[in-house]
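Okay, structure first, notes after.
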Amino acid sequence: MSARISTLSKQWLPVSGGSCDLRMGYDALDQAAPLFGDAVGRARRCMVVLDESLDKDIKERLRRQLVYADFDIRWHVAKAAHAGCVEEAQRLYEAMAREHITGEDLCCAIGGAEVLSLASFVCAGWCDGISFVAIPLNEAALLEGALIPRSLDAGGLHAMVHVPASVRHVLLDYDLACSDWETETSRYARALMVSAAMTGSERSFSELWDTASAIANGDEEAYATQLIETAKRRGQTISSAAVAIRQSLEYGKTFMNALGRITGNELPESLLLAEGMRFCARVAVSQGKFSIDDMLAQDELLDTLGLEEVSCEVDSQRLAEEIRQELLLRGNRTMLLVPYAIGQVRYLSVSDDLLLEHCEAWCAAHCA
C-alpha cells in the first residue's frame with residue numbers, strides 16, 4: 001500500500017446472515033460505478049443516506065459515479081446528533097416512502113458508524129430487504145457500522161435496538177477512510193483490533209502482537225492489512241452459531257458505557273474501551289479464570305497501539321453502581337464478559353462486593 005495502486009482489490013467477508021463484497025483501494029470512490037451496477041439487477045432509483053457534515057466534493061464524486069451507473073438519485077441527510085437513534089430511522093422510512101423507493105432499488109450510505117448503522121437497520125426491513133452499499137469514511141465505520149452495525153438508541157437509553165447487518169457491498173477508499181494515528185477513529189479501530197484478537201484465537205492474538213510495532217511506527221500496509229484481518233475476525237464471530245461467541249463482541253463495553261456516562265462522555269471511546277478490557281481481565285485473574293501473563297500481554301498490546309490508561313476523578317461506589325445498572329439494563333443478572341483465555345471471552349457472574357472491590361482498585365490507580 002505504500003505504492004498508490006489504482007486497481008481495486010476485492011475480498012469476501014463474513015457478516016451475519018451471509019457474506020459481504022468488500023472492494024478497497026486508493027481512489028476507490030472514483031471507481032464505484034461498476035459496484036453500484038453489480039448491486040442491483042437494473043439501475044433505477046438510489047436513495048443516498050449521508051451525514052450532514054459530508055464534504056461537498058465527496059458528495060459530487062459520489063453523484064458522478066451513480067450517474068455513470070444510470071441511477072436516478074434521491075438524497076437523505078441524516079441529522080448527525082440523532083443518526084444513532086430509532087427516531088432517525090423513522091425519518092428515513094418516511095423519506096424512502098416519499099421517494100417511492102422499492103425493493104428493487106438501491107440504497108447507498110456514506111459516512112460514519114452511526115449513519116451506516118442507521119441505513120443498515122432501515123434497509124434490512126424495507127420491502128423485505130433492499131440492496132445496500134456502504135461507504136465508510138473512517139476505520140470505525142467499517143468495523144462498527146458497515147460490517148457489524150452499532151445498536152440504535154431508544155427511549156433515551158444507549159444502544160438498545162440491535163441492528164442486523166444488511167450490507168452486501170462495501171467500498172473502502174483508503175484516501176477517505178484511513179485516517180492518521182492521532183484521530184479518534186484510528187484509535188478506536190486499534191482498540192477493536194485488540195478486542196477481536198482477544199475474542200478470536202491465540203493465533204489471531206499472536207498475529208496482532210507481531211504486527212503491532214509496525215502499526216505503531218506508521219506502516220500503512222501493516223495497518224490496512226490488520227484492519228481487514230480484524231474485519232474478518234469480527235465477521236466470523238458475529239456469524240457463529242453459538243450465542244456465547246457472538247456475545248463476546250461486547251467485551252469491555254459495559255465498563256466503557258458506565259465510565260462514559262459518569263464522565264459525561266468527555267473521554268474518547270477508544271480509551272474507555274481499552275480500560276474496559278483491562279478492567280475485565282483483572283476481574284478474571286482475581287477469580288482464577290485468566291492467566292496473569294496473558295493479562296499483562298493484553299496490557300502491553302494496548303500500550304503498543306497507543307491506547308494509554310486514563311486518569312479521571314470517579315467515585316468507586318458510583319462506578320460500581322453504574323456498571324451494575326448497565327448489566328441489568330440488558331439482562332436480569334450481573335454477568336460480566338471476561339476472558340477465560342485468549343480467544344475465549346465469556347460471561348462471569350459477579351457479586352456486588354466483587355464489583356466494588358475492583359472498582360475501588362481501579363479508582364485508586366486512575367484517580368488523582
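The values are calculated or read from the model by the stated rules, or taken from the named source; none is laboratory data. This is a predicted model, so every value here is computed, not measured. Because the Cβ atoms are built from the backbone with ideal geometry, glycine has one as well, and the counts that use them run over all protein chains shown. The protein model used for the area step is the full one, side chains on, heavy atoms only, and it has no ligands, DNA or RNA in it. Shrake-Rupley method; radii C 1.70, N 1.55, O 1.52, S 1.80 Å.
Some notes on this structure:
- Mean separation of Cα pairs under 8 Å and 6 or more residues apart, divided by the residue count, gives the chain a relative contact order of 14 percent.
- Candidate aspartates and glutamates - alpha carbon under 13 Å from Lys79, same-chain residues fewer than 8 apart omitted: Asp51, Glu52, Glu87, Glu88, Glu114
- Shape of segment 281-355, Cα gyration tensor, a/c cut at 1.5: oblate
- Cα gyration tensor shape of segment 180-315, rounded if a/c is under 1.5, else prolate or oblate by comparing a/b with b/c: rounded
- Computed magnitude of the charge dipole of segment 67-165 (debye, nearest 20; Cβ of K, R +1, Cβ of D, E -1): 200
- Overall form of segment 37-136 per C-alpha gyration tensor (a/c, 1.5; a/b vs b/c): oblate
- The computed Kirkwood radius over Cα pairs in Å for the structure shown corresponds, within (1) 23.7; (2) 22.3; (3) 21.1, to (3).
- Set of lysines near Lys253 by C-alpha distance (under 24 Å), chain-local residues within fewer than 8 positions excluded: Lys232, Lys289
- Spatially, segment 305-368 and segment 15-29 are offset by 35 Å when compared through their Cα centroids.
- Bridges between two residues of the chain, per DSSP, are antiparallel at a rate of about 35%.
- Ellipticity estimate at 222 nm from DSSP helix runs (n ≥ 4, -39,500 (n - 2.57)) divided over the chain, nearest 500: -15000 deg cm²/dmol
- Portion, in percent, of the accessible area of segment 216-334 that falls on carbon or sulfur, probe 1.4 Å: 43
- Accessible area in square angstrom per residue, the chain, 1.4 angstrom probe: 42
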